[in-house]
Each structure stands twice: as structure tokens, then as C-alpha cells.
1. Go over the candidates Ile297, Ile344 one by one and state the one that is crowded, with 16+ Cβ neighbours inside 10 Å and modelled with pLDDT of 70 or more.
2. Assuming Ile328 fulfils every condition listed in (1) closer than 28 Å to Ala9 by Cα; (2) at pLDDT 80 or above; (3) open to solvent by 60 Å² or more (accessible area, probe 1.4 Å) apart from one, which condition is it?
3. Can you tell me which residues in the range 1-58 are of a type in the set (Ser, Thr, Tyr) and touching a Leu at 6+ places or on another chain (Cβ under 8 Å)?
4. Within the range 105-121, is even one residue open to solvent by 20 Å² or more (accessible area, probe 1.4 Å), outside any helix (DSSP H, G or I) and assigned by the TED database to the domain that holds Leu205?
5. Go through (1) farther than 20 Å from Ile118 by Cα; (2) at pLDDT below 80 one by one and return the number of the condition Val313 breaks.
6. Could you tell me whether the range 181-201 includes any residue that is under 22 Å from Leu329 (Cβ atoms) and touching a helix residue (DSSP H, G or I) at 6+ places or on another chain (Cβ under 9 Å)?
7. If the requirement is being open to solvent by 30 Å² or more (accessible area, probe 1.4 Å) and either out of contact with any Lys or Arg (no Cβ under 7 Å at 6 or more places or on another chain) or within 14 Å of Gln155 (Cα to Cα) (or both), which of these qualifies: Val369, Val360?
8. Applying the selection to the range 199-227, what residues are over 15 Å from Val106 (Cβ atoms), within 17 Å of the chain's Cα centre (by Cα) and among the polar types (S, T, N, Q)?
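The values are calculated or read from the model by the stated rules, or taken from the named source; none is laboratory data. Computed from a predicted model, the values in this text were never measured in an experiment. FYI the Cβ positions are ideal-geometry reconstructions off the backbone, even for glycines, and counts take in every protein chain you see. Each accessible area value is taken on the protein alone, full model and side chains, heavy atoms only, with ligands, DNA and RNA left out. Shrake-Rupley method; radii C 1.70, N 1.55, O 1.52, S 1.80 Å.
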Amino acid sequence: MPSFFEWTATLGLVFGGCCSNALALELVTSRLPQAGKLITFVQFLVISIFGLIRHLTVSPRPLSEEKESVSGVFIDDLTPPTFLTKLGRLRLMPRSIPIRRWTVQVVLFLLTSLLNNIAFAYRVPMPVHIIFRSGGMVVNMVMGWFIGKRYTKLQITSIIFVTLGVILTTFSASFDDPHISSESVQTAYTEYLIGVGILTLALILSGAMGLAQDAMYSEYGRGHWQEALFYLHFLSMPMFVFMADDIKSQYVSMTANARLFALNFSTPNPDSTKPDFPFLLPMTATPAQLALLFYYIPLLTNVLTQLVCISGVHRLTSRVDSLTVALILVVRKAVSLGISVLWIRGDGGNAWLWWGAGLVVGGTIAYSVAKPYRPNEVVEGNGVDTKKNQ
């Protein structure tokens, strides 16, 4: 049973890391909705670097010096190794899972991450993004059904609630504005539907990845989350070469926007509107250098808090059962939703959003507490199989 200190630390990582991650992502995408590939690249790069540091080891001696001296002592052991010698001996730690087993998952994981971040360029609000991604269990159930898995009535009812919640949340987005033309509103709704389609495809790919992970973990065990985290990100890095031009243009655009942002705050106009994120800046005019720094803080925060969030979730799964994990993560998403709607956006949401969120949260909790399907359940005491003959 985890101690109070362990619980506090773990929940601090989950709620502090994951909620901060969602907050920072919303700040970044609201200013740079077209920077999905740049955001994904930076996330993967930083996690790969941290993972590489953890998975590198120094081999005992260079492969070229595997010879014994006349006295029976290894040549490499006669003198202390220099820094360059150690650098030449760096090797990846032995893997528990073969590289070939990561191939399909790496592609699916990269595509899912890209699609989730690209969706912001199509006017998908963060609240819809949060709720929509919670519908992954719907895809998992459908795919599981096709490969032979079966579910109880409570599980199926729960998934119906989640599906209805996702649908209601999708309808919660509104682009009606008396100050813009009907053609612009129509264009906004069209872009939004494209964004919803992108998120739907990401859910399907994520479900396929989940099935691939289940198959792999059933063979090699589930105690390799750090290895999975590293190789899923590290092996994806070469594929960013094909997106180099887009990433470069998004970086140039971000830099230009940052300089404009800094210029506006270094020469304030009394008639100008308030900044988008007043809680990040003092009420008075900010010097250009500080404003430029503040502009990049959300991106850096998003990357670093993603590491904290992932570590917290995996630490949680190693200490409590899957039911407790599911319930805690549902509460975490509800907190992120509240921060987005009540604090960042400040519009309070609408009935469609809150009804949809309620159905998703309720359906997820019901699915978590539902007992798994057992086709060969035996009545205790008489050994009678309750499964009817087909």
C-alpha cells in the first residue's frame, strides 16, 4: 500500500504535470494553431534526449581491445579511461523487447501525435479536443469486438454513454458571430468538421496501436514502460526529415510572431486590446526581451510537463490497480477541462459541452467499475457451467 508521501508525490506528478501540459498546449496552439508539426517535433526531440541519457551505458572495454596481456590482465584495465575513451564506449542498454516489434507502433504513434496536434489548425477548441480524445475506449471496444473480444451489458451501455457524450461535445463548438459574414462562418464550420475528422482518424490509429501493444506486452510483459517511452519517440525521429520544410517554416513563423508580440509590449498603445494571456504578463508594459521570453515559455512548458505527466501516469500504474488509475485519470481530465473552459477561455462553456462531458465522465467511470466478460463462468458449489450451449 503506497504511503501518504508516495500518494502525494504521484498525484502531484499526474495532476500537476498533466494539467499543466494541457494548459501549456492550449496557450501554444491558440497563438500558433498551424504549428502542429513543430510542436510534435520538439516534444519527440526532448523526450528522446532524456530517454537516451537514461538508456546509454559505457561498455567495460572497447571491442577492438578484447585481448589479454602477457600477465593475464586486460590491456584496457591497465590505465584509467579518458573522457574520449568513455565516449567511444557508449552503447545502448540491452533491450527487453526486440527492435522489430516497435516498427508498427512507432509509425502509428507518430501519426497519432501529429494528427492530434495538427487538428488545432482546423479550429478544434481545447475542450472538444480533451473530450474527443477520451473517446478512445469506443474505438478500442469496436476493434476488440472484431478480434473476438466480448463485453458485458454494463460495458456496452457505458460505451454508448461515452459515444453520445463525444457527439454532444462535438456540437458544442460555435462560430456564429454577427461581425463576420455567413460565408466566413460556413468556412469555419467546414474547417472544424475537417478537424473532427482528423481527431477521429487519430483515435482509430491509437486504437490499432493499443491492440499492437497488448499483443507485444502479452509476450514480453508490461514492466517495460521506460523502454517503450524511449523507443517510440527515438525511433520516430528520422521520419521528421520528411517534414523538415514544414517544421522550418513553422519555426520561422513562430519567431516572427514572437518578435511582433515583443514589439507590441515594448511600445504599448493605450487603445490596444488586452493581451490574450494576462496572467502570464504584468499589467504594465513588458520590456521586449521579457516579452520575447514569455512568448516561448508555453512551448517549453508543454514539452517539459509532458515528461512529468508521462512519468506520473506510469508511476501511478505501478502502484495501484487499473480501476483506480482509470478513475484518477478521469478526474484529471475533468480538471483540465475546467481550467480550459473557466480560466483560459473564460466563456463558461455551453449546455452541449457540459452534458457531453458529463456523459463521457459517467460512462468512463461505469466502464471502469464493470466486471469483465466471462463466457465460462461456473456457479459455485455445483460445478454447473452457466454458459448456454450455442
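1. None of the others qualify; the one that does is Ile344.
2. All conditions are met except number (3).
3. Thr10, Thr40, Thr57
4. Looking through the range 105-121, none of the residues is open to solvent by 20 Å² or more (accessible area, probe 1.4 Å), outside any helix (DSSP H, G or I) and assigned by the TED database to the domain that holds Leu205.
5. Going through (1) farther than 20 Å from Ile118 by Cα; (2) at pLDDT below 80 one by one, Val313 breaks only (2).
6. yes
7. Just one listed residue meets the conditions, Val369.
8. If the condition is that a residue be over 15 Å from Val106 (Cβ atoms), within 17 Å of the chain's Cα centre (by Cα) and among the polar types (S, T, N, Q), then Thr200, Gln226 are the ones that fit.
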